[in-house]
Amino acid sequence: MALKTTLWDPSEYLDTPGRIAAYLRVVFEDGDPTLIATALGDVARAKGMTQLAAEAGITREALYKALSATGDPRLSTFLGVIKALGIKLTPRAA
């Protein structure tokens, strides 16, 4: 008998600022740009793409594209999304 699986969507669990921060902290520590863009896409979906795109100053379509697994967001897009999400990046020594 084949094992039945279901697709896991992290955006369904990113419902508090603490969960969002913990999720992004782990992803940023990994440092993989593709993973970071994908994780920001997960958070953006949890928050609402249309609203977030407007707050970041880009179109919804551009936001989807930038934060997809194949996307490569420009620094201005990245910083706009971070700001719109209410996230503060704090540099520290590695």
In segment 64-88, residue modelled with the lowest pLDDT [restricted to those that are out of contact with any Ser or Thr (no Cβ under 8 Å at 6 or more places or on another chain) and within 14 Å of ALA39 (Cβ to Cβ)]: GLY71
Restricting attention to segment 20-31, and to residues there that are within 11 Å of the chain's Cα centre (by Cα) and aliphatic (A, V, I, L, M), which single residue is surrounded by the fewest Cβ atoms within 10 Å (Cβ to Cβ)? ALA21
Segment 47-75 residues that are among the aromatic types (Phe, Trp, Tyr), paired with ones that are surrounded by 20 or more Cβ atoms within 10 Å (Cβ to Cβ) and not in a loop (DSSP other than H, G, I, E, B) (beta carbon under 8 Å, 6 or more apart): TYR64/GLY41
Identity of the residue in segment 32-62, of a type in the set (Val, Ile, Thr) and surrounded by 17 or more Cβ atoms within 10 Å (Cβ to Cβ), that ends up farthest from PRO10 (Cα to Cα): ILE58
Of the residues in segment 1-19 that are surrounded by 11 or more Cβ atoms within 10 Å (Cβ to Cβ) and free of Cβ contacts under 8 Å to residues at least 40 places away in the same chain, the one that is nearest to LEU89 (Cα to Cα) is ARG19
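Each row is one residue, and each column tells you yes or no for (1) of a type in the set (Lys, Arg); (2) in contact with a Pro (Cβ under 8 Å, 6 or more places away or on another chain); (3) part of a helix (DSSP H, G or I); (4) at pLDDT below 90.
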| site | (1), (2), (3), (4) |
| --- | --- |
| ASP15 | no, no, no, no |
| ARG19 | yes, no, yes, no |
| TYR23 | no, yes, yes, no |
| VAL27 | no, no, yes, no |
| ALA37 | no, yes, yes, yes |
| ALA44 | no, no, yes, no |
| THR50 | no, no, yes, no |
| ALA53 | no, no, yes, no |
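The values are calculated or read from the model by the stated rules, or taken from the named source; none is laboratory data. This structure is a prediction, so every number in the text was calculated from the model and none was measured. Positions of Cβ are generated from backbone atoms using ideal geometry, with glycine treated the same way; all protein chains shown enter the neighbour counts.
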